[in-house]
Amino acid sequence: MYFELVEERGAEELVLCSDSNSGLRALVAIHSTALGPALGGCRLQPYETEFDAVDDVLRLAEGMTHKAALAGLDLGGGKAVIMGDPSAGRSERLWRAFGRFVDSLGGRYITAEDVGTTRADMDLIRRETEWVVGTSPSTGGGGDPSPVTALGVHAAMRAAATYKWGRDRLDGLHVGVLGVGKVGGALARILAADGCRITIGDVDPDACRRLAAAVPCSILDPAGLLTLECDVLAPCALGGVFDDDAVEALDAGIVCGSANNQLVHEDVADIMAKKGVLYAPDFVVNSGGLIHVAAEVFGHGRDWSAERVAAIGETTLRIFELADAGSVSTAVAARELAEDRIRQISGLNTIRTPQR
Ligand SMILES: NC(=O)c1ccc[n+]([C@@H]2O[C@H](COP(=O)([O-])OP(=O)(O)OC[C@H]3O[C@@H](n4cnc5c(N)ncnc54)[C@H](O)[C@@H]3O)[C@@H](O)[C@H]2O)c1
């Protein structure tokens with residue numbers, strides 16, 4: 001059954017690791033190394049079944065392949081999941097065991113922080129392997145990528161406003177931000193400086209209160225944000241926000257936010273398009289964080305990241321144009337553009353060089 005899942009996703013490798021002493025049960029999916037080493041975060045979360053964990057890690061790894069390709073990076077896509085409860089069972093041994101597991105893959109997979117994991121966890125992993133990014137600056141890492149992710153979302157939002165309304169300035173627009181954690185909070189601050197009218201919502205009322213103390217905004221419950229009449233809705237919480245019913249209830253002109261896997265399935269983007277909602281695909285919009293950690297992998301400075309984060313706007317515009325020209329949804333246009341780059345660049349392998 002697992003071979004079929006790997007083949008359906010077009011992944012290269014699925015690796016399991018178990019360490020009974022620490023209780024580590026981890027999976028790494030290497031979806032593609034066609035463009036470079038497979039980079040993607042490590043999630044620590046409970047799964048009802050092993051099947052759910054395998055399905056999730058393969059799906060997330062595929063998303064990373066597309067994200068890296070569209071960000072123009074020499075990186076492939078991978079992901080790790082550790083099956084467990086993030087509020088219990090964390091130990092130095094767990095992270096160091098996982099670090100050794102990652103090290104055994106010899107650099108084919110590079111890990112990073114993700115849902116349920118922290119920078120401190122990455123620092124422990126770093127003690128066992130060099131194949132980890134997003135560690136503390138004191139260990140040579142680049143620190144939290146979230147502010148850079150927010151800058152990328154902002155660039156994509158301006159591109160979407162240009163495409164839809166012929167204006168790249170966002171002042172005066174009403175933006176709903178769903179989820180005001182690290183990315184959503186940073187985004188709201190940028191939008192406030194732009195002169196947007198902001199409505200926020202989060203399952204954590206304290207997160208809303210903290211932000212509202214710093215940024216002029218209204219607060220709504222999360223469900224209310226999904227039906228809010230606004231110009232732009234920025235989902236910055238968890239994935240799986242839009243199924244067919246949720247799209248029916250949408251009252252926004254543009255959807256552009258950082259949350260991964262916002263659409264329950266790709267066809268949801270068609271329903272959005274029919275409704276006149278311009279969807280900026282999540283894996284394009286939220287690639288700023290990946291660009292930030294890629295700079296760490298390749299030893300590039302801030303200018304290198306800043307140029308690529310600004311280019312997220314240009315890529316987003318190109319995807320809108322391709323979608324229109326090909327009469328496909330923006331989600332399909334983005335995926336096809338990513339697959340095209342992977343095909344083009346992996347085709348270079350036919351040219352032999354002294355090194356390769
Ligand atoms: N941090 C990054 O650099 C980065 C990069 C790419 C993608 N992303 C994605 O962006 C999203 C946000 O990331 P983050 O780092 O800000 O996470 P975070 O944990 O700091 O913030 C998420 C916020 O969403 C809230 N939330 C959770 N479930 C919710 C729900 N059902 N409704 C409303 N609010 C809810 C949480 O309370 C929290 O305040 C995630 O989907 C993440 O995968 C983040």
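The values are calculated or read from the model by the stated rules, or taken from the named source; none is laboratory data. Since we're looking at a predicted model, the values are computed, not measured. We place every Cβ from the backbone using ideal geometry, glycine too, and count neighbours over all the protein chains shown. Side chains included, ligands, DNA and RNA excluded: accessible areas come from the protein's heavy atoms. Shrake-Rupley method; radii C 1.70, N 1.55, O 1.52, S 1.80 Å.
Brief remarks on what is shown
- Residue among 87, 91, 136 that is out of contact with any helix residue (DSSP H, G or I) (no Cβ under 7 Å at 6 or more places or on another chain) and free of Cβ contacts under 8 Å to residues at least 40 places away in the same chain: 87
- All helices (runs of 4 or more DSSP H) inside region 200-275 with 3 or more residues being within 11 Å of the ligand (Cβ to nearest atom) and more than 20 Å from residue 147 (Cα to Cα): 222-225
- Among the residues examined, residue 306 does not qualify as small (Gly, Ala, Ser) and crowded, with 18+ Cβ neighbours inside 10 Å.
- Restricting the first member to region 171-188 and to residues that are touching a residue at least 40 places away in the same chain (Cβ under 8 Å) and closer than 20 Å to residue 251 by Cα, and the second to residues that are more than 11 Å from the ligand (Cβ to nearest atom) and of a type in the set (Lys, Arg), the beta-carbon pairs closer than 8 Å and six or more apart or on different chains are 173/197; 174/197; 175/197.
- Restricting region 60-92 to residues that are of a type in the set (S, T, N, Q) and not in a helix (DSSP H, G or I), the residue that is surrounded by the fewest Cβ atoms within 10 Å (Cβ to Cβ): 87
Residues are listed down the side, and each one gets a yes or a no for (1) hydrophobic (A, V, I, L, M, F, W, C); (2) open to solvent by 10 Å² or more (accessible area, probe 1.4 Å); (3) under 15 Å from the mean Cα position of the chain (by Cα); (4) modelled with pLDDT of 95 or more:
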site	(1), (2), (3), (4)
254	yes, no, no, yes
257	no, no, yes, yes
260	no, yes, yes, no
269	yes, no, no, yes
278	yes, yes, no, yes
285	yes, no, yes, yes
291	yes, no, yes, yes
302	no, yes, no, no
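One line per residue, one yes/no per condition, for (1) open to solvent by 60 Å² or more (accessible area, probe 1.4 Å); (2) in contact with an Asp or Glu (Cβ under 8 Å, 6 or more places away or on another chain); (3) modelled with pLDDT under 95; (4) in the same structural domain as residue 232 (by TED's automatic domain parsing):
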{"position": "124", "(1), (2), (3), (4)": "no, yes, no, no"}
{"position": "132", "(1), (2), (3), (4)": "no, no, no, no"}
{"position": "158", "(1), (2), (3), (4)": "yes, yes, no, yes"}
{"position": "188", "(1), (2), (3), (4)": "no, no, no, yes"}
{"position": "193", "(1), (2), (3), (4)": "yes, no, no, yes"}
{"position": "200", "(1), (2), (3), (4)": "no, no, no, yes"}
{"position": "210", "(1), (2), (3), (4)": "yes, no, no, yes"}
{"position": "213", "(1), (2), (3), (4)": "yes, no, no, yes"}
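- Residue selected from region 171-187 under the condition near the ligand (Cβ under 6 Å from one of its atoms) and part of a helix (DSSP H, G or I), by the criterion farthest from residue 321 (Cα to Cα): 182
- Residue in region 149-170 that is within 16 Å of the ligand (Cβ to nearest atom) and within 30 Å of residue 91 (Cα to Cα) present: yes
- Residue ID - farthest from residue 11 (Cα to Cα), chosen from residues in region 103-122 that are open to solvent by 30 Å² or more (accessible area, probe 1.4 Å) and of a type in the set (A, V, I, L, M): 120
- Residue 240 vs. criteria at pLDDT below 95, not hydrophobic (A, V, I, L, M, F, W, C) and not assigned by TED's automatic domain parsing to the domain that holds residue 114: yes
- Any chance residue 141 is of a type outside the set (S, T, N, Q), out of contact with any helix residue (DSSP H, G or I) (no Cβ under 6 Å at 6 or more places or on another chain) and near the ligand (Cβ under 9 Å from one of its atoms): no
- Matching residues, region 97-128, being at positive phi and either more than 16 Å from the ligand (Cβ to nearest atom) or among the β-branched types (Val, Ile, Thr) (or both): 106, 107
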